[in-house]
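Presented below is the structure to which this report refers.
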Ligand SMILES: Nc1ncnc2c1ncn2[C@@H]1O[C@H](COP(=O)(O)OP(=O)(O)OP(=O)(O)O)[C@@H](O)[C@H]1O
Ligand SMILES: [Mg+2]
């Protein structure tokens, strides 16, 4: 690929896209230089995903032109876009879980022993896959089934697949939102390798420090319009935020220190064979308790076990001093525990239903009189929380699947906020949410604890736990390995405990 | 590969827009009117009072069954056993009522209870035995119930029912069959149930996403059991209407009703993936099939060709829907 550093690979000229009631993209013109890692940011619903879906042919633009590699792209279809060398890694991965890494990489373009025969050349494919992975410095057994890989590794297999298909442009829509820091670092290394091969990358993320770190240039969208494209050297994180939200955000973690109240939740000797071992902790009213650890350390599993989503093999749970038996999510909700799951599409939302349908789903019977639903009350309540959360949707009867990713997450938050529980467990609550909206969510958490609720947050972003939690528990391989107060928590100490090395010395043992 | 799936997802998303929902209603109603006009032109007998009441009373049975089928499809499932459940529950009613002289009202209650009970079994096979899909459980039930229905009288029909059993199926209020009022009442109740009660919403929720529903505290198993029980119940209710109309219970009754009900629900625009559909459109679907069958009868078309025609209509209806989505996509270009 003999392209000069300043040649344009991609040019959008006044691209406009409308959805019923929404102007998703408003005459956007931008250019992407060949060989760059080009960042794309903006608030939830700014139009980032729409833009890339237009590039991949999933949506057709209403107006405007797309030029790629010196050629005007017209009537683009997904297949055509792939043929031109545009690959995209969506947030929902598209690998086939029961096929191996090699089979996935070669899917649809398998090598055959003879030109016309249909016998696969497995040895050759394995060899090519191995050499490709060596090229990208990716350490992985290509014979593993992709379903057995962690989400981070799956993403890398997708990248291999894209590189192998001779993609000139790889687009990644929020690739790091479901990765741990370590996995994200691996991803950045691979991106660097891909870039070294001359491939251009468009990188979408709400984590601006990442954008700052790996991108050459960055484009900011707001309300479907292009605000600015800058060289990364000329844009600080604060600059980017200002371009995104149109104002300064001085305090990213608006922590309000409150007093610790009564013991809200007590978990004793929680066991789940092969998953959780002797997990014991307490959460207090008026306090935010953070769970830190690597992806797969057992934090989500702990939450699922407490709330009856998974069966347990032993342990006792007390809610405000009362023994409770929780055998199903229903029991947990009845006991006053809300559990906001991390996987919003699979477990959090009914995508084909409206915002108000989803927000009112838990404890729906409370909104009925004489057996009939009070539809107006439901609508008003939803409208209020939608305003509080600054939800961007035409109205509360909009189908959730039509909202942008971050706005879908807000609906999940709204749904659990409305349950009026006394204990809230938030699993990765700010995943995919923009910087401004994050602050709103943190403020809501502050409000919850101020009103006497106990809040537990599970999050992989270290800054977030350290910024918002009064107390931090660290898990490793299904055990709690350390406990820190907000003052004593440092990134090093948490990481140390998260890798299972804190059995003695560092931190207090829980 | 990834692109295509995402594109499909985008298409799905587009499918769920609000204006489109109403457009679909308008579409099916127009199709019904158009079909009726064609029939009226082709056969002068079509628009006679006699014939229309005939269509109505035939459609009544189908409409009642389709009600339960709609619920099953709404949860992302299906109930293949409705025709057999109808046969078995009415045969049992015949045995106790006609052969053993049990009180006719009690016999009808028994019929409904048997229908509901068989439906509940369908549900339990799904929720307690964890059979992978209701296609399997209800197909098994379809064959078992039909088998038993044939065995109890060695395949002989039972006839001459007392007046109370015949009441709904055989009587008229002015020119209108009583069964029509039953259908109207049933659909009105079902409409209120689905749109205005918590349980009704839970049915949509379970059809939309079972895991999210469970984690939201919905007792998914209870909802599924209820849905299949209702489906069995409506099949038995339809059976009472049918027995009243022909004054006999046949062990082979209701064989076409499974597929007619599925067809009506699908033509009515319910999604096979669950969570999407409206009961109001289902009744239009029922009427389309009833008019089609009646019209072909008037034109003396052989019943085998009728079966062919209904099959073609199902495919056509779904295909038109697919085409319209494509047109809307292209319109966006
Ligand atoms: N299929 C659709 N139908 C209707 N509206 C849509 C559809 N897809 C997106 N939109 C709307 O277009 C706007 C832009 O959405 P988009 O998904 O591009 O935002 P985004 O920048 O990716 O946001 P996020 O950071 O939350 O992922 C939003 O208001 C969204 O509701
Ligand atoms: Mg997005």
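Throughout, read-outs are computed from the coordinates displayed, never taken from laboratory work. From a predicted model like this one, the values you see are computed outputs, not experimental measurements. Methodologically, a virtual Cβ is constructed for each residue, glycine included, from the backbone with ideal geometry; neighbour enumeration extends over all protein chains shown.
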### Inter-probe distance in nm under a simple model that places probes 7 Å from Cα toward Cβ, at residue A:252 and residue A:488
2.6 nm
### Summary
Taking Cα atoms only, helix A:151-164 is inclined relative to the longest principal axis of chain A by an angle, in degrees rounded to 10, of 10 degrees
### Task
Out of all DSSP beta bridges with both ends in chain A, state the antiparallel percent to the nearest 5.
55 percent
### Message
How much length would be gained if the chain were fully extended between residue A:369 and residue A:263, taking 0.36 nm per residue of separation minus their Cα-Cα distance, in nm to one decimal?
### Response
34.7 nm
### Task
Assuming 1.002 mPa s and 20 °C, estimate D for region A:83-188 with Stokes-Einstein, Rh taken as the Kirkwood radius over Cα pairs, in µm²/s.
150 µm²/s
### Query
What distance in nm separates the simple spin-label points at residue B:192 and residue A:282, each placed 7 Å from Cα in the Cβ direction?
5.2 nm
### Separation between Cα centres of region B:19-96 and region B:161-206, rounded to whole Å
13 Å
### Message
Per 0.36 nm of contour for each residue apart, how much would the distance between residue B:96 and residue B:152 grow if the chain were fully extended, relative to their Cα-Cα spacing?
### Response
19.0 nm
## Note on the structure
So for R0 = 35 Å, FRET eff. of residue A:397-residue B:129 from the Cβ-Cβ r, to 0.05, ends up at 0.35
### Message
Could you identify which residue out of B:124, B:150, B:192 has the top mean-square fluctuation in a GNM of chain B using Cα springs shorter than 10 Å?
### Response
B:192
### At 0.692 mPa s and 37 °C, Stokes diffusion of region A:158-256 via Kirkwood alpha-carbon radius, µm² per second
220 µm²/s
### Message
If you take every DSSP beta bridge fully contained in region A:8-245, what fraction is antiparallel? Give it as a percent rounded to 5.
### Response
55 percent
### Summary
Using the Cα gyration tensor of the protein assembly as shown, the equivalent ellipsoid's semi-axes, largest first and to the nearest Å, work out to 53, 35, 25
### Cβ-Cβ FRET estimate between residue A:223 and residue A:93, R0 fixed at 25 Å, reported to 0.05
0.25
### Task
Taking every pair of alpha-carbon atoms in region A:302-424, give the share separated by more than 21 Å as a whole percent.
42 percent
### Crossing angle, helix A:181-196 versus chain A [Cα axis fit, 0-90 degrees, rounded to tens]
10 degrees
## Note on the structure
At R0 = 22 Å the Cβ-Cβ FRET efficiency linking residue B:54 and residue B:302, nearest 0.05, sits at 0.70
### Message
Given bins 5 angstrom wide, list per bin the percent of all Cα-Cα distances in region A:8-245, short to long.
### Response
1, 6, 14, 17, 19, 16, 12, 8, 4, 2, 1, 0
### Query
For residue A:390 and residue A:113 in the same chain, what is the full-extension length gain: residue separation times 0.36 nm, less their Cα-Cα distance, in nm?
93.9 nm
### Message
On the principal axes of its Cα set, how long, how wide and how thick is region B:32-332? Give whole Å, largest value first.
### Response
62, 53, 34
### Task
Could I have the simple spin-label model distance between residue B:47 and residue B:105, label points 7 Å from Cα toward Cβ, reported in nm to one decimal?
4.5 nm
